[in-house]
1. Let me spell it out: the conditions are (1) surrounded by 15 or more Cβ atoms within 10 Å (Cβ to Cβ); (2) in contact with a helix residue (DSSP H, G or I) (Cβ under 6 Å, 6 or more places away or on another chain), and residue 195 meets all of them except one. Which number is the exception?
2. Can we say residue 107 is surrounded by fewer than 19 Cβ atoms within 10 Å (Cβ to Cβ) and within 16 Å of the ligand (Cβ to nearest atom)?
3. Would you tally the residues in the stretch 241-252 being surrounded by fewer than 17 Cβ atoms within 10 Å (Cβ to Cβ) and near the ligand (Cβ under 6 Å from one of its atoms)?
4. So residue 212 ticks every box in (1) more than 13 Å from the ligand (Cβ to nearest atom); (2) under 20 Å from the mean Cα position of the chain (by Cα) but one. Which box is left unticked?
5. Is there a residue in the stretch 179-191 that is assigned to a helix (DSSP H, G or I), surrounded by fewer than 20 Cβ atoms within 10 Å (Cβ to Cβ) and in the same structural domain as residue 60 (by TED's automatic domain parsing)?
6. Please name all residue pairs, on different chains or six or more residues apart, with Cβ atoms under 9 Å, provided the first residue is in the stretch 129-146 and is in the same structural domain as residue 112 (by TED's automatic domain parsing) and modelled with pLDDT under 95 and the second residue is part of a loop (DSSP other than H, G, I, E, B) and surrounded by fewer than 21 Cβ atoms within 10 Å (Cβ to Cβ).
Ligand code: SF4
């Protein structure tokens with residue numbers, strides 16, 4: 001008798017398969033639920049991360065640092081957690097490639113911890129991807145901060161075209177704060193294109209004025225958070241491009257402007 005390999009299984013665990021969402025959706029729901037549960041078990045940050053200080057809207061940072069719930073439907077999804085995790089894998093690859101090419105890239109202190117800093121009584125903290133202490137002659141004086149981002153193709157192309165300061169001000173700000181607190185004179189920014197594995201590298205000098213401005217902003221955010229206050233909005237209208245992507249937009253535009 002011939003076997004029909006094209007038939008569809010009519011039942012899954014006793015239920016008609018057609019009554020269930022497609023297989024992919026069911027498995028992804030399981031994965032995302034597991035990732036969200038894992039995240040829910042982690043202690044929320046009780047500090048302002050240096051990776052966020054470059055966020056252009058200080059009001060949004062107050063929402064973040066006070067753990068204000070995002071607008072309904074704007075909560076972090078399991079898919080975002082998968083993107084974060086994939087970023088770490090790409091970063092490990094970039095570290096391996098740079099080391100293979102002769103860059104003495106350190107990603108851990110002698111004690112085995114991450115390089116980082118904390119200030120304001122531990123309420124502002126940052127952990128850096130690495131520090132290159134020596135390497136081939138490429139026009140950069142070592143040591144230098146190393147910061148890595150894995151980007152989707154369109155975002156990577158924009159960064160490669162405009163440079164990190166214009167294209168990714170949050171990352172630029174993050175590097176300035178790290179350099180200020182670690183006493184480093186410049187950074188090597190590496191962006192990996194997740195589609196093509198192309199690499200973009202940019203030398204980013206320390207800019208003390210920007211670092212000071214960001215440090216002042218961080219202090220203002222913490223002061224407002226402690227006082228239970230909000231800071232002014234970044235825009236006059238809710239259709240400003242940053243507000244359209246902000247997870248606090250509905251709340252923000254109904255709450256009073258200081
Ligand atoms: S909606 Fe706009 S102004 Fe309000 S917190 Fe978000 S980015 Fe800032």
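The values are calculated or read from the model by the stated rules, or taken from the named source; none is laboratory data. Worth saying up front: this structure is predicted, and the values here are computed from it rather than measured. Virtual Cβ from ideal backbone geometry, glycine too; neighbours counted across all protein chains shown.
1. (1)
2. no
3. Matching residues across the stretch 241-252 total 1.
4. Every listed condition holds for residue 212 apart from (2).
5. yes
6. Within 9 Å, no pair qualifies.
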